[in-house]
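Read-outs throughout are calculated quantities, based only on the coordinates presented, and are distinct from any laboratory measurement. Note that the structure is a prediction, hence the values are computed from the model and not measured. No Cβ is skipped: glycine too gets one built from the backbone with ideal geometry, and neighbour counts run over all protein chains shown.
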Amino acid sequence: MAKNKPNIKNKVKLLRFLANEMTQQDLAERIGVTRQTVNAIEANKYSPSLEVAFKIAHVFQQPLEEVFQYQPEAEQPT
Amino acid sequence: MKISFSEKSSRVQVVALTIVLLLYIRTAYANYIDGLTNVPSNVALLIWSCAALTILLIVGFIYAAATAKPETLDERDKLIHYRAKAATSCLYGTGCMLSILGLALTVNPLFIIHLLMVTLFLTSIVGEGMKLYYYKRGI
């Protein structure tokens with residue numbers, strides 16, 4: 001049996017830094033989640049909903065695919 | 001990394017539930033050894049275990065609220081809660097089915113009560129443990 005693991009990378013941390021070193025708390029308040037969730041997104045421990053992903057892209061004034069990149073992995077045997 | 005109020009309250013609940021469960025099992029076993037195998041002689045055990053759990057949880061939540069700012073659940077918290085609930089519902093169902101089976105087989109009602117109490121404690125501990133696991137490992 002093989003399992004496809006979705007691999008979504010993001011540039012949230014970089015974009016925060018470029019946006020006048022915005023804090024995780026600032027971003028969290030603007031997109032309506034907790035700071036821990038922003039931290040989990042940056043660490044690739046959580047893939048946000050489409051709504052939150054769009055909100056993040058909107059905060060940084062970037063297209064969605066500039067913030068999140070989908071990288072399909074090769075099938076791994078389990 | 002500073003942990004959220006939800007994560008801290010899960011830790012508090014795991015600790016409180018484990019302490020009360022261990023004390024409950026120890027006391028129930030001692031009562032059984034002493035020959036107290038009917039429900040009325042174990043009512044005190046049921047009352048104090050509920051009271052102890054309530055007190056421990058209140059103290060724990062006050063501590064959690066004092067050390068982490070309480071926040072509303074966001075989508076990640078809700079997803080973690082749903083997953084934990086889905087995983088523990090099987091355990092809870094098994095305990096209830098065994099209790100019903102015990103009633104059908106006319107097992108001593110005290111054992112049915114113990115089985116239900118242990119099922120409730122274990123379900124809560126496993127559920128909160130799974131939340132902590134998802135918070136740490138990611139979802």
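With the convex hull drawn over the C-alpha atoms of the protein assembly as shown, the volume per residue is 154 Å³. Here the gap between B:Tyr133 and B:Ser89, fully extended at 0.36 nm per residue and compared with their Cα-Cα distance, gives a gain of 14.1 nm. For segment B:1-46, applying the loop criterion from DSSP together with a ceiling of 16 other beta carbons within 10 Å to the trypsin sites (Lys or Arg not before Pro) yields B:Lys2. For the pair A:Glu21 and B:Val43, label points projected 7 Å from Cα toward Cβ lie 6.6 nm apart.
Based on the Kirkwood radius over alpha-carbon pairs, what value in µm²/s does the Stokes-Einstein equation return for the translational diffusion coefficient of segment B:5-137 at 4 °C and 1.567 mPa s? The Stokes-Einstein estimate is 80 µm²/s.
Model label sites at B:Glu71 and B:Val107, defined 7 Å from Cα along the beta-carbon direction, differ in position by 4.4 nm.
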